[in-house]
1. Go through B:VAL372, B:VAL311, B:VAL345 for me and flag whichever is assigned to a strand (DSSP E or B) and more than 16 Å from B:GLY37 (Cβ to Cβ).
2. Go through region B:64-105 residue by residue and tally those that are part of a loop (DSSP other than H, G, I, E, B) and either in contact with a strand residue (DSSP E or B) (Cβ under 9 Å, 6 or more places away or on another chain) or over 17 Å from B:VAL34 (Cβ atoms) (or both).
3. Residues being in contact with a Lys or Arg (Cβ under 8 Å, 6 or more places away or on another chain) and without any contact (Cβ under 8 Å) to a residue 60 or more places away in the chain: count how many of those fall in region B:224-255.
4. If I filter region B:224-232 for residues that are more than 14 Å from chain A (Cβ to nearest Cβ), closer than 26 Å to B:SER48 by Cα, at pLDDT 95 or above and not in a strand (DSSP E or B), do I get at least one hit?
5. Being within 27 Å of A:ILE37 (Cα to Cα), outside any loop (DSSP other than H, G, I, E, B) and more than 7 Å from chain B (Cβ to nearest Cβ) is the filter here; which residues of region A:278-308 pass it?
6. Spot the failing condition for B:ASP143; the list is (1) at pLDDT 95 or above; (2) crowded, with 18+ Cβ neighbours inside 10 Å, and only one is missed.
7. Taking A:LEU19 as the residue in question, decide whether it is in contact with a Phe, Trp or Tyr (Cβ under 8 Å, 6 or more places away or on another chain), in a helix (DSSP H, G or I) and modelled with pLDDT under 95.
8. Would you point out the residue of region B:255-295, among those that are in contact with a Phe, Trp or Tyr (Cβ under 7 Å, 6 or more places away or on another chain), buried (at least 22 other Cβ atoms within 10 Å of the Cβ) and assigned to a loop (DSSP other than H, G, I, E, B), that is nearest to the other protein chains (Cβ to nearest Cβ)?
Amino acid sequence: MSYMGLIYSYSDRENLRELTSNRALAALSIGGKYRIIDFVLSNFVNSGIFEVSVIARTNYHSLIEHLGSGAEWDMSRKRGGLRVLTPFANKESTDSAQIYKGSIDALANHLHSIKKSMAEYVVLTGSRILYTMDYRDMIKAHLNSGADITIAYTNQMNGTQRIPQGSPMVYLDEQKRVQSVEILDEEQSDREGSWCIDVCVIRKTLLESLIADATSHQRYDLYNDILKRLAPTLKIFGYEYCGHLLEISTISTYMEANRAMLDPEFASKVFQETVYTKVKDSVPALYGSDCYVENSMISDGCQILGTVINSVVSRGVHIDKGAVVKDSIIMQDTEIMDHAKVEHAILDKDVIVRDGREVIGHPSYPIVLPKMSIV
Amino acid sequence: MSLIKKKDMVAMLLAGGQGSRLGVLTKDVAKPAVPFGGKYRIIDFPLSNCINSDIDTIGVLTQYQPMELNAYIGNGQPWDLDRMYGGARILPPYVRGKEGEWYKGTANAIYQNIPFIEQYSPNYVIILSGDHIYKMNYRWMLDHHMKKDADCTIAVIEVPMEEANRFGVMRTNENLRITDFEEKPIKPKSNLASMGVYIFDWPTLKEYLIRDEEDPHSSKDFGKNIIPTMLADGKRLFAYKYLGYWKDVGTIESLWQANMDLLKENISLELYDPRWKIYARNGNLPPQYIGRHATMKDSHVSEGCSIEGTVENSIIFPKVTIKKGAVVKNSVVMSSTTIDENAHVNYSIIAEGVTVGDGAVIGENTNGTDAVLISVVADRVTVGSGSRVESGSVVDSNL
């Protein structure tokens, strides 16, 4: 039996300000050296699924550059392998919302590629939620239950505070069959129903006919138009996920997710299975004579001469003498010069904070400095 | 269409050496596979030099304990050496006819692989060893070789006179033409030492390899036989002076020193140079975590480490755990080692997978003397809680 993965590299329900204005959500840096897509792809690799298509929508330049041939995820294969499905440019509108009319339309656009695959089953997932799952277990449950569609849900909030607005919730009966599906109109912290974590297993031929059927009726949204609509007729089963969970759709949940990885116990769960990423061949991190580092994640190629506290620092970052970085996320190749001060901030790639400048946000509203800005 | 394309220069990397002076560190691995500088192995340096010099065809000659080295090199992908034509090829000794044959010397190793080199019909062959830490553009050396219309060019470096007896030593005229050459002389006449990097015109070298093989009294060695014979025949041998950082890491002390050199400012081994990266096989590990009680100073620390103690003037390899209250100073700690609470490690090389128990003390009593004595703990050894290891001692079984 063979499986393929389909990953949505974007989300309609995210507000990450400047962080995703020029890159796909899946290409967003997280946990120091990683991008969100690394966690998703590694789930597939660690589940022995080596045929994965990544659906791109807009601004997929950084995504494609990061993924390359897929060799670093062991996905440069003759049989299967990694494919990035970019939209065709023949649409009337260039508005991102119009490129695909919804999650089903995105699949419909790439139906040709999906049909070409020899895989029998599809594992469909998003990029907004980080989890660690062996899909083989979920597929096994899918086969055992005889379901048409199996969707993963969780009843625990392992690592996340709130269920964000727009999240699909499922209501199950005792046999775990989905009775109904609902999309949350507003953020919720006490749960009612079970939170779908954006993972579905479905037979490929069924998916293909559902896509064709929905599109011919101008229905374009996977949750509303397939799962919710067809819950009474199709056999849709739930599969409970009990592991850790990080939800990334706003600046504050993005901060929370990074901060969660600073907890050694939580990190040991996140990194229990190998997480693959692009190799940069950078030098091991260097700590200078007068540096001070506390409760922080530091990546290769960094030169830490100043102070770093409660922060997540990506590869190739320079923190010069006397500089202080607190409660912040610093992305690749950013430089924080002498005696500069950075607090409650997210500094994107290639940012320069010059001598003595201060970049100070508030815990409830961190400052975001876009790529290549100079302070 | 021929399957093989002609290459102007092929590299032959001698990686079969045992490196016996590294003692317990080369018990299970060949010297080129010895870890260095936090994430590298010695062989990463010549391999990266090759690819950075646009040499993409490399025969890696292995013999002693090749398993780890073979796995490490794999298909050569980390060094961009997975090529359709050329790339990295492992060349172990093999059986011909009825009898197996080991490589009997450096020259014999190349002799046995004449067919490999011939596939590419190169004009030049560069002979390298997997024993040294340095960055070098072999193209510049080839330019020198061509300009001098040489049959052989030897890369040389000036060493202190008292150390010259460890090397092949030569004298040259003002044109850098080599006038005499002695391998490890008792009384060296010069401090111009061979770096073990040779460029030969391939047809000339091939002729000398075949001749040398027929000589029953030859020890089949480049320094002892091939070079002196070529000199005696009046061939054109030239020296190529190298001025950068170069370190032979053949002994515990020199391996430790070369690691410590990485922490000095302004050494010419510039690892951060984006045009000359040193590539290494990657371990797919998460970033390092520096805890709430850590003190970091003048150190290189690698991925997957978790540091809660004090690290000073040290090189820490991937996946090392240094617990609260532990102090690591002036040391090299290799992969997957754990230093438990309140243990002290100073002036030491701790190999892979070692556990240093609570409160154990290794190599602390060096004070007072100028000569630094390095303690070594062999791989997978457990140094029990509270044990003491004297400076300069070697621990190769559990304590």
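1. B:VAL345
2. Within region B:64-105, residues that are part of a loop (DSSP other than H, G, I, E, B) and either in contact with a strand residue (DSSP E or B) (Cβ under 9 Å, 6 or more places away or on another chain) or over 17 Å from B:VAL34 (Cβ atoms) (or both) number 20.
3. Total meeting the criteria: 2.
4. No, the conditions are met nowhere in region B:224-232.
5. Residues satisfying the conditions are A:GLN303, A:VAL308.
6. Of the numbered conditions (1) at pLDDT 95 or above; (2) crowded, with 18+ Cβ neighbours inside 10 Å, the odd one out for B:ASP143 is (2).
7. So A:LEU19 fits the description; yes.
8. Among those that are in contact with a Phe, Trp or Tyr (Cβ under 7 Å, 6 or more places away or on another chain), buried (at least 22 other Cβ atoms within 10 Å of the Cβ) and assigned to a loop (DSSP other than H, G, I, E, B), it is B:PRO286.
The values are calculated or read from the model by the stated rules, or taken from the named source; none is laboratory data. Just so we're clear, the structure is a prediction, and the values are computed from it rather than from any experiment. No Cβ is skipped: glycine too gets one built from the backbone with ideal geometry, and neighbour counts run over all protein chains shown.
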